[in-house]
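For reference, the structure discussed in these notes is given below.
The values are calculated or read from the model by the stated rules, or taken from the named source; none is laboratory data. Not measured: the values here are computed from a predicted model. Here the Cβ positions follow ideal geometry from the backbone for every residue, glycine too, while neighbour counts run over all protein chains shown. Quick note on the areas: whole protein, heavy atoms, side chains included, nothing else; ligands and nucleic acids left out. Shrake-Rupley method; radii C 1.70, N 1.55, O 1.52, S 1.80 Å.
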2 protein chains.
Amino acid sequence: MYSFTEENYLKAIYKLSDNNGSGVSTNSIAENIQTKAASVTDMIKKLSDKKLLKYEKYKGVNLTQKGKDVAIQTIRKHRIWEVFLHEKLKFGWEEVHEIAEQLEHIQSELLINKLDEFLGYPTHDPHGDPIPGENGEFHNNAFVSLDTVEANKKVILSGVINHSVPFLQHLKKIDLTLGQKLMVIEINEYDRSLKLLLNGKIEIFISNEVAKNILVK
Amino acid sequence: MYSFTEENYLKAIYKLSDNNGSGVSTNSIAENIQTKAASVTDMIKKLSDKKLLKYEKYKGVNLTQKGKDVAIQTIRKHRIWEVFLHEKLKFGWEEVHEIAEQLEHIQSELLINKLDEFLGYPTHDPHGDPIPGENGEFHNNAFVSLDTVEANKKVILSGVINHSVPFLQHLKKIDLTLGQKLMVIEINEYDRSLKLLLNGKIEIFISNEVAKNILVK
DNA sequence: ATATAAATTTAGATTTGTCTAAAATTAATA
DNA sequence: TATTAATTTTAGACAAATCTAAATTTATAT
């Protein structure tokens, strides 16, 4: 239906949309998608012709409902594939994104729905991001970042804000993976670094920078 | 490494190679790949430049070892994905080919090897075609077509020659699927149609045309 | 408010893969 | 063998997606 490239543009624009009314800028799309502004302008015109977004020269773009639908379905496919790669094929959470970038473009409604069923209808991907339903509905997370959690409260690591490979590798190395039970047992006033207790057993220290990028519930 | 299209050409040429020395013709490739002869000539030149095949004007083409390797790896990926779709996602054997045509182009050695492991290193796809190993080795089948089997000999349905969707649907409808135990209990001299016994219980009739396209061991 | 900077768009070119129509080559046939 | 038929290749064009460089518009700053 839509090309590989079109889907990537729509996904990028969807993610860059703050819903604050203002259009997504050409440059931000170019940066996100690793291409040049001139290429973005060309593609925007094409997507506008196809009624996937609204475009006013020099004013940026906004997805139409149709455009949002395509973006959300692509995100759904991406995240379901990530679950498969992680749960079934035992890829690390830092490895799944790249492969899912390819798999998300496989065209078959039936395939993704059968895969979803096979995986037991997962609600979140290996980074804690919610998986939209077949009709595009997002059940929102209500996770909080670890740096806002008070001391001595038991929480579960439920997601990350920073999705970069080095960050994910780091967390994995210090046993901070999705589902990990933990408690903040000390907050250093000076730099807001934290001492954590994992599984009620092991103590580790993390910087505020790391804590800010961890989501818990 | 190689594009979607390049892989499809190499796969087509590989399948059209009879190993009788003569080159694969432009027209046969065009027909196989659903394109025009002129397009084939263009692509052939490109693949020749990349040392994936040997090309002499008006004489057809032959894959180099490098070209064969790419073709075989693509076939390997295709067939492993077919097993996944059939075994894990419960797609019918008539449905798996089309989706595997897309999945076979996903680029990741690790992915296919992990998928292979996840599936328990299958040796055949859902149509009974052998799955080449990681190093491209083919263990050959030694299946025979059902129309050559003598009466009262127990055999197992192990593959098909005709891979068309209608044929596969027909077989499925009359309970002839991979692994089915059967015995030829009557061969009609007139039209060489057969009476079969399935699982030692049910009797069915099939035409010689159908029997010729079924492989057993 | 005007000059400069930043962002965006246009114009023209390129790459990949495709096509049609015409030319060239090979094969088939009388 | 000469002629027709079939196959294959070339030439030129096209669509998708990209790029560079130049032109235009919007934003920023003195």
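A few remarks follow.
- Rounded to the nearest 10 degrees, the inclination of helix B:37-49 to the longest alpha-carbon principal axis of chain B is 70 degrees.
- Per-q log10 I(q)/I(0), chain A, q = 0.09, 0.12 Å⁻¹ (Debye; single scatterer per alpha-carbon; no solvent): -0.43, -0.73
- For region A:4-63, accessible area per residue (1.4 Å probe, heavy atoms of protein chains only), Å²: 62
- When the alpha carbon gyration tensor of region B:76-115 is reduced to an equivalent ellipsoid, its three semi-axes come out at 17, 11, 6 angstrom, largest first.
- Ordered from largest to smallest accessible area (heavy atoms of protein chains, 1.4 Å probe), the residues A:Leu16, B:Leu110 come out as B:Leu110, A:Leu16.
- Proximity of backbone amide H atoms, modeled 1.01 Å from N, is registered between B:Ile214 and B:Leu146, B:Asp147, B:Ile161 at under 5 Å, excluding neighbours fewer than 5 places apart on the same chain.
- Under 12 Å from the Cα of B:Lys54 - aspartates and glutamates, other chains or at least 8 residues apart: none
- By a 1.4 Å probe calculation restricted to protein chains, B:Leu178 has an accessible surface near 70 Å², given to the nearest 10.
- Solvent accessible area, Å² - B:Trp93, 1.4 Å probe, full protein context: 10
- For q = 0.16, 0.20, 0.30 Å⁻¹, Debye-computed log10 I/I(0) when each Cα of region A:4-63 counts as one equal scatterer: -0.39, -0.64, -1.60
- Three principal axis lengths of the protein assembly as shown [C-alpha, angstrom, descending]: 93, 53, 40
- Sorting B:Asp129, B:Asp175 by solvent-accessible area of protein heavy atoms yields B:Asp175, B:Asp129, largest first, with a 1.4 Å probe.
- A simple count of charges around B:Gly67, restricted to other residues whose Cβ falls under 13 Å of its Cβ and scoring Lys, Arg +1 and Asp, Glu -1, yields +4.
- The value for region A:144-216 of Rg(Cα) / (2.2 N^0.38 Å) is 0.97.
- Taking A:Tyr14, B:Tyr121 and ordering them by how much accessible surface each has at a 1.4 Å probe, largest first, produces B:Tyr121, A:Tyr14.
- Residues of type lysines that B:Lys59 reaches as a straight line, Cα spacing below 26 Å, ignoring anything fewer than 8 places off in the same chain: B:Lys11, B:Lys15, B:Lys36, B:Lys45, B:Lys46, B:Lys50, B:Lys51, B:Lys68
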